[in-house]
Structures are given as structure tokens and as C-alpha cells.
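The next block holds one structure in the form of C-alpha cells; read it before the comments.
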Amino acid sequence: MSEDSRNPAGVGICVAGASGRMGQMLVDAVRHSGDCRLTGALDRDGSPSLGQDAGATSGGDLGVKITSDLASGLSGSQCLIDFTRPEGTLVHLDACVKHGVNMVIGTTGFSEDEKARIAKAAESIAIVFAPNMSVGVNVTFKLLELAAKALSTGYDIEIIEAHHRHKVDAPSGTALKMGEIVADALGRDLKTCAVYGREGVTGERDPSTIGFATIRGGDIVGDHTVLFAGTGERIEISHKSGNRAGYAQGSVRAARFLAGKKTGLFDMFDVLGLR
């Protein structure tokens, strides 16, 4: 068992989907945080990893067994970090409300009604809910806000994103968030100005729209570019992820931010002081 996991003063963190690639990165980030400790590890019923030590494949045993029992996994935890699927996250959300455990939610693909459930739960627990937990991505969000305000006329806006072949939602939650930030800065509603695909004779581009293009292939972790195309110049603001470590580090930072908070819905702008 590592020194960090034994530290009773550290923030107690439970990781959902602990046997997956992202889950293992989260376990590793907690292990090396210096001020947090792994207190629980969850996985789905039937997972071959149930009963194994959560740290076995990320640097050595931590003395925390992977379980599908929510009450057991959340016991002694102050925060659950969840990067699973919407249906699983919502089950975990109900359990966290029941047991008074805060949440960091990095899962994407929620419907509007499901997002409303998360907002309602934030009246009972504190939640950081963001489509991307990377510090770099969230700084990129801020740059997009500034750029959109300065380039409000005369520029066509397109958002291009690429992810691995296994990603099930499109556009990505990060791309949609980029669109929301740009639309808000321009005083538009993304629901009415977004264009998610073009085919055939589409006619001239409506300058009030925000376009999205989606690429899926290979093992691309996550590339996002927002293009502001004007007359005689193009401005591109991009973020490219080489691995998921940045998401894990940002999630641990979000868990630290929630320490001591009782209720409220927050995002990474709150965590990073970018308001």
C-alpha cells in the first residue's frame, strides 16, 4: 500500500470504471497526488477485475479492491470521479446523493433531461461537471471566448474534432462545449445555429451558423480545432491530447476543489479560477 493511500488527511477519492484505461490513469493520478488517497474503486457487475487490487496494474497494490457494490466502494470517500457512460454515471449519482459523496463527472453524451438530473443532485451534494477535465482544454475554452468576442463579424466558425474509433457519441462533449462558449460570446443559441453535417447541394454558407465536423479513427485520444475563417486570414485555436493523463490530473484537481464543499454545481472554470 502506498504512503498516499494510507494518508488519513488526504482527500478520499473513489474511482468509477477503475479497471479501464481512464480508470487506471485516475488511480495513478490519485496515487501520485501527494494529498489525495484512493478509498474506493468501482466497476460493473461481471467485470473480470472485481476483487483485484485497484493499483495492481498502475504501480503496485494500494490495498483497495475493485467492487461493484456502490455502498462499499463509496464508504470512506469524500468524492467519486466518474468517466463511465451516462447510464452508469446516473446510477452512481443517485448513490452519491444517498451517501453524501461529492462527484467529479467527466462523462459525456448526456441528454438535456439527464443534465437536469445532475443539476438537481447538486442541491444535495457538490459536483464538478465538465465535458473535459484537462487544464489545457479549459484554458483553450477561455481563449475561444476571447477570440469569439473579438472576431464577432466577418468570420465563419467551424469546429473540427477527432477521436478514437471506440468513442460512441458525436460530436464530442468538448466540441459541443466549444460551440456553446463561442455561441454565448456571440449572443447566439447553439441549438438554433449549429450545423452538424453537410451533404449534397447545401447552398452558400449561412454566416450565422457554427459548423461541426467529426472524425473517428484509430487510437486518437482527442484533437479539437476551432477555425475562424475570415477574408484573407484564418485563425485556428487547437488543443491536441497525446494521452489521457491530462484528464486525470485535472480531475484530481477538481476533487481537491470540492473538498469541504457541501452543495453546488461547478465546472472547470470554477476549479481553475477562469470566471
- [ ] Within segment 41-71, work out how many residues are outside any loop (DSSP other than H, G, I, E, B) and touching a Lys or Arg at 6+ places or on another chain (Cβ under 9 Å).
- [x] 4
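Is segment 190-197 home to any residue that is in the same structural domain as V221 (by TED's automatic domain parsing), more than 18 Å from L227 (Cβ to Cβ) and at pLDDT 95 or above? So that I can check it myself, show each step before the final result.
Residues of segment 190-197 that are in the same structural domain as V221 (by TED's automatic domain parsing), as a first pass: 190-197.
This time we only want the ones that are more than 18 Å from L227 (Cβ to Cβ), so: 191-192.
Subsequent filtering for residues that are at pLDDT 95 or above retains 191-192.
Yes, segment 190-197 contains a residue that is in the same structural domain as V221 (by TED's automatic domain parsing), more than 18 Å from L227 (Cβ to Cβ) and at pLDDT 95 or above.
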Task: Test for V252: is it under 20 Å from the mean Cα position of the chain (by Cα), in a helix (DSSP H, G or I) and touching a residue at least 24 places away in the same chain (Cβ under 8 Å) - done: yes
Open item on the list: When the residues of segment 104-137 are narrowed to those that are without any contact (Cβ under 8 Å) to a residue 40 or more places away in the chain and over 19 Å from K177 (Cα atoms), which ends up surrounded by the most Cβ atoms within 10 Å (Cβ to Cβ)?
Closed with: A121
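Restricting the search to segment 72-95, which residues are more than 17 Å from R37 (Cβ to Cβ), of a type in the set (A, V, I, L, M, F, W, C) and in a helix (DSSP H, G or I)?
In the first step, residues of segment 72-95 are kept if they are more than 17 Å from R37 (Cβ to Cβ); the result is 82-95.
Of the ones still in play, those that are also of a type in the set (A, V, I, L, M, F, W, C) are 83, 90-91, 93, 95.
Passing the criteria: L90, V91, L93, A95.
Would you confirm whether any residue within segment 188-197 is over 30 Å from G34 (Cβ atoms) and β-branched (V, I, T)?
Pass one, segment 188-197, residues over 30 Å from G34 (Cβ atoms): 188-197.
Adding the requirement that they be β-branched (V, I, T) leaves 192, 195.
Yes, there is a match, as at least one residue in segment 188-197 is over 30 Å from G34 (Cβ atoms) and β-branched (V, I, T).
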- [ ] Take E236 and decide whether it is within 22 Å of K149 (Cβ to Cβ) and without any contact (Cβ under 8 Å) to a residue 40 or more places away in the chain.
- [x] yes
Task: Residues of segment 219-275 satisfying the condition of being β-branched (V, I, T), surrounded by 19 or more Cβ atoms within 10 Å (Cβ to Cβ) and closer than 27 Å to V11 by Cβ - done: V252, V271
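The values are calculated or read from the model by the stated rules, or taken from the named source; none is laboratory data. In this text the structure is predicted, and so the values were computed from the model without any measurement. Cβ sites come from the backbone with ideal geometry, for glycine too, and all protein chains shown count toward neighbours.
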